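Read through the structure below, which is laid out as structure tokens, and then see the notes.
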Amino acid sequence: MTSMKVAIVQNHEEKSQVVAQKLREMLKKANIKIDDQRPELVISIGGDGTLLSAFHRFNHRLDEVSFLGVHTGHLGFYTDWRDFELEELVDSLSSNRGKSVSYPLLDVRITFLDGKPDKHFLALNESTIKRGNRTMVADILIKDELFERFRGDGLSVSTPTGSTAYNKSVGGAVIHPSINAFQLAEIASLNNRVFRTLGSPIVIAHTEWLEVKLQDSKDYLVTVDQLDIEQDNIASVYYRIADERIHFASYRHMHFWRRVKDAFISEG
């Protein structure tokens, strides 16, 4: 059996740098090849933000690569291993390539009023739309049918794995990542006798798509995970479940609801 090819992505924290160097040395001793260009496995060292960076670095090879997270700080939703478990991790890589579990991604497409080519992105967590310091007004269409006219601070569209991130902080539901759907949550919507929205998060099936049709303005900010996309003349932002999926190496994959409990409920 040929040696597995592994890439390591770490953040700039000193502890993560030290752990990454130690892991590289351990992988070399185990005859596991480091390949930062065409890996089979990407190991993220840091936190969830580091794994998001790793995802965007390799999201053009999602059919060939899986991801694994080592956290060097607080518990993360994408990090199954601790920094003091490197020996066990390397043993797992050496003895068993393991299976993987796959989760949905968000397909994001931005169209423009001036005929510029569409911009296309994949999101692991979420995409948001906001408008400077002014009220954002947008028509929300589901499968090309008008659902509501939104007025407020902005909108968040998230994947199931992203449902525990920004989505949760704006009142969205936590969704198990095995569910192939995405979620729309309003950010401080205006609701009164004149302006009405549903006012609650909605979960949209993988067979449907969402269009956020924006009023003409030059001060919109669209985010895709940690990427900021400031563009003039945005006409619409389209969302759907992507054809691609992210694969996590399941040498040891923590139960999702246990992770939710540890992150938000358990003390200490």
message = Run the reach check for Lys33 against lysines, Cα to Cα strictly under 28 Å, same-chain hits fewer than 8 apart removed. What comes back?
response = Lys5, Lys15, Lys22, Lys99
request  = Give me the distance in nm between label points sitting 7 Å out from Cα along the Cα-to-Cβ direction at His120 and Ser94, one decimal.
outcome  = 4.3
message = Averaged across orientations, what area in nm² does the convex hull of the alpha carbons in the stretch 56-183 project?
response = 11.1
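Size of the dipole of the stretch 105-243 about the Cα centre, Lys and Arg at +1 and Asp and Glu at -1 on the beta carbon, nothing else charged, in debye to 20? Provide the component values of the computation, followed by the final result.
Working: 15 positive and 19 negative charges, 87 e Å.
That gives the stretch 105-243 a dipole magnitude of about 420 debye.
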message = Tell me which of Ile241, Ala188, Ile229 sits at the most positive position along the dipole axis of the stretch 105-243, charges placed on C-beta atoms (Lys, Arg +1; Asp, Glu -1).
response = Ala188
ask   = How much length, in nm to one decimal, is gained on full extension between Glu25 and Phe264, taken as 0.36 nm per residue of separation minus their Cα-Cα distance?
value = 82.5 nm
ask   = Based on the Kirkwood radius over alpha-carbon pairs, what value in µm²/s does the Stokes-Einstein equation return for the translational diffusion coefficient of the stretch 105-243 at 37 °C and 0.692 mPa s?
value = 221
remark   = Largest first and rounded to whole Å, the semi-axes √(5λ) derived from the alpha carbon gyration tensor of the chain read 37, 19, 16
key: Peptides 120-131, 186-197 ordered by average Cβ neighbours within 10 Å, highest first   = 120-131, 186-197
task = Let me have the 222 nm mean residue ellipticity of the chain computed from DSSP H runs of 4+ only, each contributing -39500 (n - 2.57), with the sum over all residues rounded to the nearest 500.
result = -5500 deg cm²/dmol
message = At 0.36 nm per residue, and after removing the present C-alpha to C-alpha distance, how many nm does the segment from Arg149 to Ala181 gain when stretched out fully?
response = 9.3 nm
request  = Starting from the Cα of His60, step 7 Å along the direction of its Cβ; do the same at Asn133; then give the gap between the two resulting points in nm.
outcome  = 4.0
query = Taking 0.36 nm per intervening residue step and subtracting the Cα-Cα distance, what contour gain separates Lys218 from Arg193 on full extension?
reply = 6.1 nm
task = Would you please give the FRET efficiency between Asp232 and His12, computed as 1/(1 + (r/R0)^6) with r the Cβ-Cβ distance and R0 = 25 Å, to the nearest 0.05?
result = 0.20
note = So the number of lysine pairs in the stretch 105-243 with alpha-carbon atoms under 16 angstrom apart, 8 or more residues apart or on different chains, is 5
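Values in this text are rule-based calculations from the coordinates and carry no lab data. Here the structure is a predicted model, which means the values were calculated and not measured. Please note: Cβ atoms are built from the backbone with ideal geometry, for glycine as well, and neighbour counts cover all protein chains shown.
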